[in-house]
Amino acid sequence: MAKTVIINETGGPEVLTLVDREVGAPGPGQIRIRHHAVGLNYIDVYQRTGLYKLEMPVALGMEAAGVVEAVGEGVTHLKAGDRAAYAAVPPGAYSEARVMPAAQVCPIPEGISFDQAAAIMLKGLTVNYLFRRIVPLAAGDTVLFHAAAGGVGLIACQWAKSDGITLIATAGSDEKCALAAEHGAPHTINYRTEDFVARVKELTGGRGVDAVMDGVGKDTFEGSLQCLRPVGCMISFGNASGPVPPFDISRLAAMGSLLLTRQTIFSHISDHATCQKMAAELFDKVLSGAIVPSIGQTFPLEEIAEAHHALEARRTTGATILTL
């Protein structure tokens with residue numbers, strides 16, 4: 001048996017329910033993993049509220065680290081006793097142990113702890129695809145990154161610095177702006193007290209940025225488009241403030257032949273070899289010291305509802321870890 005957080009219906013944090021579940025043995029292409037640390041992500045909120053539809057009842061959680069207890073037929077990149085971590089579907093990481101597909105589970109190298117791995121898998125692989133797999137970005141380019149003091153944002157600040165990319169960070173308080181600066185952002189904007197569009201134009205000499213990376217959604221979408229240079233790229237990858245309303249794509253031409261894309265990590269890591277390569281690149285960044293995982297707060301699994309409250313109220317910084 002393993003303690004597991006499930007929901008039977010969509011709603012607020014109160015629908016999160018802790019139950020005991022049978023774990024079972026792994027089948028072909030699967031592993032059984034016992035978790036030591038679990039990551040909390042905004043996609044978990046989208047699933048809990050019903051923005052992303054799931055069949056009920058369902059266990060939540062997309063990211064964790066632990067020890068492989070058993071492997072099924074055909075699994076060759078992992079064995080029992082290996083330290084491993086993942087960001088993967090289907091959900092179910094909010095648990096002491098689970099059986100799951102092995103393809104997106106990655107060995108953790110020595111020098112990286114369970115907590116660190118659980119803090120960086122989904123967020124760090126997200127940053128990897130944002131900077132390396134959508135549009136060509138190179139040293140000297142400029143990127144606007146919203147919610148830069150969050151779990152994804154603090155990794156992005158460090159990744160950009162290590163690649164020589166200038167990152168303009170937005171956040172909702174002076175304290176969060178300072179945190180982004182500490183993690184490598186050369187420019188920060190408190191969007192509650194400053195007009196981020198005007199400030200971006202000032203910082204870029206009126207040119208605009210090469211790309212905007214936006215996990216906020218509705219509240220920042222229009223302003224983000226105005227921050228782009230001609231033929232710049234707007235990368236939407238989340239809806240923390242709500243989904244973006246329907247949009248007339250002809251406006252992209254009028255605003256400078258802009259590019260607009262809506263991304264999800266799971267498209268990028270669906271291929272086993274690509275996922276393992278992206279994880280290795282992420283782990284190399286951590287082992288080199290270019291990225292230092294930032295764990296802002298921890299909650300025991302039993303306090304999952306409070307963890308969701310804190311995340312939605314934007315009371316968190318960096319990554320949030322669930323302990324077992």
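Expected output is a single nm value to one decimal: the length gained when fully extending between residue 272 and residue 323, i.e. 0.36 nm times separation in residues minus the C-alpha distance. What is it? Intermediate results must be reported in sequence, preceding the final value.
Values: separation 51, 0.36 × 51 = 18.36 nm, distance 2.77 nm.
Value of the extension gain: 15.6 nm.
Give the calculated FRET efficiency between residue 288 and residue 250 to the nearest 0.05, with a Förster radius of 51 Å applied to their Cβ-Cβ distance.
On the way: r = 45 Å, r/R0 = 0.88.
Efficiency for this residue pair is about 0.70.
Report Rg/Rh for segment 195-303, rounded to two decimals, where Rg is the Cα radius of gyration and Rh the Kirkwood radius. Working shown, then result.
Working: Rg = 17.6 Å, Rh = 16.6 Å.
For segment 195-303, the value is 1.06.
List, in order, the whole-Hz ³J(HN,Hα) value for each residue of segment 295-300 obtained from phi through the Karplus relation with A = 6.51, B = -1.76, C = 1.60 and θ = phi - 60°; use x for Gly and Pro.
My calculation for segment 295-300 gives 9, x, 7, 10, 9, x Hz in order.
Skipping prolines and chain starts, which residues have an amide H placed within reach, meaning under 5 Å, of the one on residue 40, given they are 5 or more residues away or on another chain?
HN-HN under 5 Å from residue 40: 320, 322.
When the Cα centres of segment 70-84 and segment 227-267 are compared, how far apart do they sit, in Å?
Rounded to whole Å, the Cα centres lie 40 Å apart.
Tell me which GluC sites (Glu not before Pro) from segment 179-220 have a DSSP coil assignment and no more than 15 other beta carbons within 10 Å of their own.
On the way: sites: 182, 194, 202; in loops: 194.
Loop-located and lightly packed - 194.
Starting from the Kirkwood Rh over alpha-carbon pairs, what translational D in µm² s⁻¹ does segment 227-278 have by Stokes-Einstein at 25 °C and 0.890 mPa s?
Values: Rh = 13.2 Å.
For these conditions, the coefficient is 186 µm²/s.
Given 0.36 nm per residue, what is the gain on full extension from residue 139 to residue 257 after removing their alpha carbon distance, in nm?
Values: separation 118, 0.36 × 118 = 42.48 nm, distance 2.32 nm.
Fully extending the segment from residue 139 to residue 257 adds 40.2 nm.
Report, by chain and number, residues whose modeled amide H sits under 5 Å from the one on residue 189, excluding near sequence neighbours (fewer than 5 apart, same chain).
169, 170, 171
Any lysines with Cα under 26 Å of the residue 53 Cα? List them, leaving off those in the same chain fewer than 8 positions away.
3, 123, 218
Under 5 Å between amide H atoms, partner at least 5 residues away or on a different chain: which partners does residue 165 have, H built in plane at 1.01 Å?
Here 140 satisfy the definition.
Can you work out the base-10 log of I(q)/I(0) for the chain at q = 0.08 1/Å, using the Debye formula on its C-alpha atoms alone?
The Debye formula, applied to the Cα set alone, gives -0.36.
In debye, nearest 20: dipole of segment 108-187 around its Cα centre with unit charges on the Cβ of K, R (+) and D, E (-)? Provide the component values of the computation, followed by the final result.
On the way: 5 positive and 7 negative charges, 54 e Å.
With Lys and Arg at +1 and Asp and Glu at -1, about 260 debye.
Helix 272-287 sits at what angle to the longest principal axis of the chain, using alpha carbons and giving 0 to 90 degrees rounded to 10?
That helix lies at roughly 70 degrees to the long axis.
Count charges around residue 167 for me, please; just the other residues with Cβ under 12 Å from its Cβ, Lys/Arg as +1, Asp/Glu as -1.
Numbers: positive: 161; negative: 141, 163, 210.
Spelling it out: positives minus negatives among the neighbours equals -2.
What whole-number volume per residue, in cubic angstrom, does the convex hull of the C-alpha atoms of segment 135-262 give? Intermediate results must be reported in sequence, preceding the final value.
Values: hull volume 11.8 nm³, N = 128.
Considering the Cα atoms of segment 135-262, their hull volume per residue is 92 Å³.
Could you list, bin by bin from short to long, the percent of Cα-Cα pairs of segment 75-209 in 5 Å steps?
2, 10, 17, 17, 16, 12, 10, 8, 5, 2, 1, 0
Short version: ³J(HN,Hα) in whole Hz for each residue of segment 48-64, in order, from phi by Karplus 6.51 cos²θ - 1.76 cosθ + 1.60 (θ = phi - 60°), x for Gly and Pro, what are they?
With the stated coefficients, segment 48-64 comes to 5, 7, x, 4, 9, 7, 10, 7, 8, x, 8, 7, 9, x, 10, 8, 6 Hz.
Based on the mean of other Cβ atoms within 10 Å per residue, sort peptides 8-21, 116-129, 222-235, 156-169 so the most packed one is first. It would help to have the intermediate numbers written out before the result.
On the way: 8-21: 13.8, 116-129: 27.2, 222-235: 19.4, 156-169: 22.4.
By packing density, highest mean first, the sequence is 116-129, 156-169, 222-235, 8-21.
What ranking, highest mean first, results for peptides 279-289, 90-100 when packing means the other Cβ atoms within 10 Å averaged over each residue? List each step's numbers first, then the result.
Numbers: 279-289: 16.6, 90-100: 22.8.
Per-residue Cβ counts within 10 Å, averaged per peptide and sorted highest first, yield 90-100, 279-289.
Please list, in order along segment 258-263, the HN-Hα scalar couplings obtained from phi with the Karplus expression 6.51 cos²θ - 1.76 cosθ + 1.60 (θ = phi - 60°), rounded to whole Hz, x for Gly and Pro.
Computed from phi, the couplings for segment 258-263 are 6, 9, 9, 9, 10, 10 Hz.
Could you give the alpha-carbon Rg of segment 200-239 over 2.2 N^0.38 Å, rounded to two decimals? Kindly include the intermediate steps, with their values, before the conclusion.
Values: Rg = 9.9 Å, N = 40, 2.2 N^0.38 = 8.9 Å.
Computed over Cα atoms of segment 200-239, the ratio equals 1.10.
What is the angle, in °, between the Cα long axis of helix 151-162 and the longest principal axis of the Cα atoms in the chain? Nearest 10 is fine, range 0 to 90.
Its long axis makes an angle of about 60 degrees.
Rank the residues 183, 309 as a footprinting-exposure proxy: fewest other Cβ atoms within 10 Å of their Cβ go first. Present the calculation step by step, with values, prior to reporting the outcome.
Values: 183 24, 309 14.
If I rank by nearby Cβ atoms, fewest first, I get 309, 183.
If I model a spin label at residue 222 and residue 79 as a point 7 Å from the Cα along the Cα→Cβ vector, what separation in nanometres do I get?
Modelled inter-label distance: 6.0 nm.
Note down the magnitude of the dipole of segment 225-289 about its Cα centre, charges +1 on Lys and Arg C-beta and -1 on Asp and Glu C-beta and zero elsewhere, to the nearest 20 debye. Walk me through the numbers on the way to the answer.
On the way: 5 positive and 4 negative charges, 34 e Å.
Rounded to the nearest 20 debye, it is 160 debye.
If you average the alpha carbon positions of segment 156-177 and of segment 44-60, how far apart do those two centres end up, in angstrom?
30
Each label point is 7 Å from the Cα along the Cα-to-Cβ direction; what then is the distance between the points at residue 280 and residue 21, in nm?
3.2
Values in this text are rule-based calculations from the coordinates and carry no lab data. From a predicted model like this one, the values you see are computed outputs, not experimental measurements. Neighbour counts run over all protein chains shown; Cβ positions are idealised from the backbone, glycine included.
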